[in-house]
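Notes follow the structure.
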Amino acid sequence: MGTDFMVGDDKGWTLNFDYQAWAEGKQFYVGDNLVFKYPEGAHDVLKVNGTGFQHCVAPAGTVALATGNDVVPLLMPGKKWYICGIGNHCATGNMKLVITVLPNTEAPAPAKTSAARGSILFCRDPTVANARRTDLRKFLVDESGEDEMEERNE
Ligand SMILES: [Cu+2]
């Protein structure tokens, strides 16, 4: 189950709050939600890109969330940017939030995946795989034989 992050905690989505400090040290995962709380009509929430975030401008056609209790599901990993589109709240009121969403860890552990991939690659060389099954030291001695090396390289 995902976590609901109340943006700004008990302050909510408001003017002159340090959202960078708020986001710092938190880990957001796919499946979590951001919840923007504010008095309806006072603010809104616009999902923008990095440029929009920097300049406090949303691309034309961006649909604002404006219910005052906006739940934003984090569906994809990566950087996400949100600004308030009312007045100069973003530019002068610091109503801007950037977070990085991490892949969901409920999927099989990445370490396991790479280990499996590694063993598949390993087994593609039957000589090595066979040597492992019998005696690796013997294999290493055989490997130094020049004739055998040339044969294998073809
Ligand atoms: Cu605002």
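Scanning the range 72-131 for residues that are modelled with pLDDT under 95, in a helix (DSSP H, G or I) and among the hydrophobic types (A, V, I, L, M, F, W, C) returns A111, A115, A116, I120, L121, F122, C123, V128, A129, A131. For the range 7-19, the candidate set comprises residues that are assigned to a helix (DSSP H, G or I) and either of a type in the set (D, E) or away from the ligand (no atom under 16 Å from the Cβ) (or both); within that set, the residue that is surrounded by the most Cβ atoms within 10 Å (Cβ to Cβ) is D9. Going through the range 23-60 one residue at a time, which ones are among the hydrophobic types (A, V, I, L, M, F, W, C), closer than 11 Å to V98 by Cα and within 16 Å of the ligand (Cβ to nearest atom)? Once the filter is applied, which keeps residues that are among the hydrophobic types (A, V, I, L, M, F, W, C), closer than 11 Å to V98 by Cα and within 16 Å of the ligand (Cβ to nearest atom), the range 23-60 yields V48, F53.
In the range 29-58, the qualifying residues are those that are charged (D, E, K, R) and in a loop (DSSP other than H, G, I, E, B), and the one that is farthest from W81 (Cα to Cα) is D32.
Per this entry, K26 is not counted among residues that are at pLDDT 95 or above and either part of a strand (DSSP E or B) or of a type in the set (V, I, T) (or both).
The values are calculated or read from the model by the stated rules, or taken from the named source; none is laboratory data. On a predicted model such as this, the values are computed, not experimentally measured, just so you know. Backbone-built Cβ (ideal geometry, glycine too); neighbour counts: all protein chains shown.
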